[in-house]
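Student: So that we are looking at the same thing, I have put the structure below in structure tokens.
The values are calculated or read from the model by the stated rules, or taken from the named source; none is laboratory data. The model shown is predicted, which means the values in this text are computed figures rather than measured ones. Every residue, glycine as well, gets a Cβ built from its backbone with ideal geometry; the counts of neighbours run over all protein chains shown.
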Ligand SMILES: Cc1cc2nc3c(=O)[nH]c(=O)nc-3n(C[C@H](O)[C@H](O)[C@H](O)COP(=O)(O)O)c2cc1C
């Protein structure tokens, strides 16, 4: 599941995600689904109980149901994120906070973009947050610094980018296979 994290008017996110999806399809080890957070209803206001304790009966808006189903079904995630004020967009935090078990014991990789830091501040924060949900973050991310000059016609100009994407996808595939088998063999001892 490739998540387009930005929902901003005129955003770059869909172009980046489309290229990432093409890399994942070329890799061949994934059934690729691109999910655009701009198409979901993700309110900032949450129910009283955290989703961690409410389980599958957590009362989510109807407009979030499809996203929830896809998160639950996915064995691996790539979050495509920009950097907003040295972190990731509120849309990404909101979709994380509306869920819990959907992330647990699953691998998450990152493709980021921004100014000189290439969105890495956003990724550092995401790694921190997703650990709380017992997700497994993939070390080798793909960052596009100064993407506004580094992309043309939906492709990065850096000839090495596809190779970095392949490394990320290899690591994601390894963890997805291992964790899917482990989840099937034994319920994850998430605890509280
Ligand atoms: C609210 C806001 C804050 C931003 N803060 C940063 C930042 O801290 N670091 C950075 O590299 N770029 C920053 N930018 C520039 C974004 O990298 C750039 O606008 C990018 O296009 C955002 O991704 P999007 O088009 O997919 O929304 C910021 C942009 C916005 C809208």
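Student: Looking at the stretch 6-32, I want the residues that are in contact (Cβ under 8 Å) with a residue 24 or more places away in the chain and have a partner that is part of a loop (DSSP other than H, G, I, E, B) and near the ligand (Cβ under 9 Å from one of its atoms) with Cβ atoms under 6 Å, at least 6 apart or on another chain. Which pairs are those?
Tutor: Qualifying pairs under 6 Å: 6/89; 13/6.
Student: Among 109, 122, 105, which is the only one that is touching a strand residue (DSSP E or B) at 6+ places or on another chain (Cβ under 8 Å), within 26 Å of residue 25 (Cβ to Cβ) and in a helix (DSSP H, G or I)? If you could, list the steps in order and put the result at the bottom.
Tutor: Values: 109 fails: in a helix (DSSP H, G or I); 105 fails: in a helix (DSSP H, G or I).
When all the criteria are applied, what remains is 122.
Student: Here's another thing I want to ask about it. Filter the stretch 75-87 for residues that are within 12 Å of the chain's Cα centre (by Cα) and not in a strand (DSSP E or B); which is nearest to the ligand (Cβ to nearest atom)?
Tutor: Step one: of the stretch 75-87, the residues within 12 Å of the chain's Cα centre (by Cα) are 75-82.
Checking which are not in a strand (DSSP E or B) leaves us with 75-76.
Numbers: 75: 26, 76: 22 Å.
Filtering the stretch 75-87 for residues that are within 12 Å of the chain's Cα centre (by Cα) and not in a strand (DSSP E or B), the one nearest to the ligand (Cβ to nearest atom) comes out as 76.
Student: Another question about this same structure. Could you check residue 90 against (1) surrounded by fewer than 22 Cβ atoms within 10 Å (Cβ to Cβ); (2) over 28 Å from residue 187 (Cβ atoms); (3) away from the ligand (no atom under 16 Å from the Cβ) and say which number it fails?
Tutor: (3)
Student: Same structure, new question: Would you call residue 80 touching a residue at least 24 places away in the same chain (Cβ under 8 Å), in contact with a strand residue (DSSP E or B) (Cβ under 9 Å, 6 or more places away or on another chain) and surrounded by fewer than 20 Cβ atoms within 10 Å (Cβ to Cβ)?
Tutor: Details: touching a residue at least 24 places away in the same chain (Cβ under 8 Å): yes; in contact with a strand residue (DSSP E or B) (Cβ under 9 Å, 6 or more places away or on another chain): yes; surrounded by fewer than 20 Cβ atoms within 10 Å (Cβ to Cβ): no.
No: the conditions fail for residue 80.
Student: Would you mind finding the one in 49, 54 that is assigned to a loop (DSSP other than H, G, I, E, B), more than 16 Å from the ligand (Cβ to nearest atom), at pLDDT below 95 and over 16 Å from the mean Cα position of the chain (by Cα)?
Tutor: Numbers: 54 fails: assigned to a loop (DSSP other than H, G, I, E, B).
Step by step, each of 49, 54 is checked, and only 49 is assigned to a loop (DSSP other than H, G, I, E, B), more than 16 Å from the ligand (Cβ to nearest atom), at pLDDT below 95 and over 16 Å from the mean Cα position of the chain (by Cα).
Student: Somewhere in the stretch 25-32, is a residue surrounded by 12 or more Cβ atoms within 10 Å (Cβ to Cβ) and within 15 Å of the ligand (Cβ to nearest atom)?
Tutor: Checking the stretch 25-32: not a single residue is surrounded by 12 or more Cβ atoms within 10 Å (Cβ to Cβ) and within 15 Å of the ligand (Cβ to nearest atom).
Student: Still on this structure: Report yes if residue 38 is over 18 Å from residue 141 (Cα atoms), in contact (Cβ under 8 Å) with a residue 12 or more places away in the chain, under 16 Å from the mean Cα position of the chain (by Cα) and part of a helix (DSSP H, G or I), otherwise no. Please lay out each step first, then the result.
Tutor: Values: over 18 Å from residue 141 (Cα atoms): yes; in contact (Cβ under 8 Å) with a residue 12 or more places away in the chain: yes; under 16 Å from the mean Cα position of the chain (by Cα): yes; part of a helix (DSSP H, G or I): yes.
Spelling it out, residue 38 is indeed over 18 Å from residue 141 (Cα atoms), in contact (Cβ under 8 Å) with a residue 12 or more places away in the chain, under 16 Å from the mean Cα position of the chain (by Cα) and part of a helix (DSSP H, G or I).
Student: Filter the stretch 143-161 for residues that are in contact with a helix residue (DSSP H, G or I) (Cβ under 8 Å, 6 or more places away or on another chain), in a strand (DSSP E or B) and without any contact (Cβ under 8 Å) to a residue 60 or more places away in the chain and give the result. Step through it out loud before you land on a result.
Tutor: Going residue by residue through the stretch 143-161, those that are in contact with a helix residue (DSSP H, G or I) (Cβ under 8 Å, 6 or more places away or on another chain) are 143-144, 147, 151, 154-158.
With in a strand (DSSP E or B) added as a condition, the list becomes 143-144, 151, 155-156.
Answer for the stretch 143-161, where residues must be in contact with a helix residue (DSSP H, G or I) (Cβ under 8 Å, 6 or more places away or on another chain), in a strand (DSSP E or B) and without any contact (Cβ under 8 Å) to a residue 60 or more places away in the chain: just 143.
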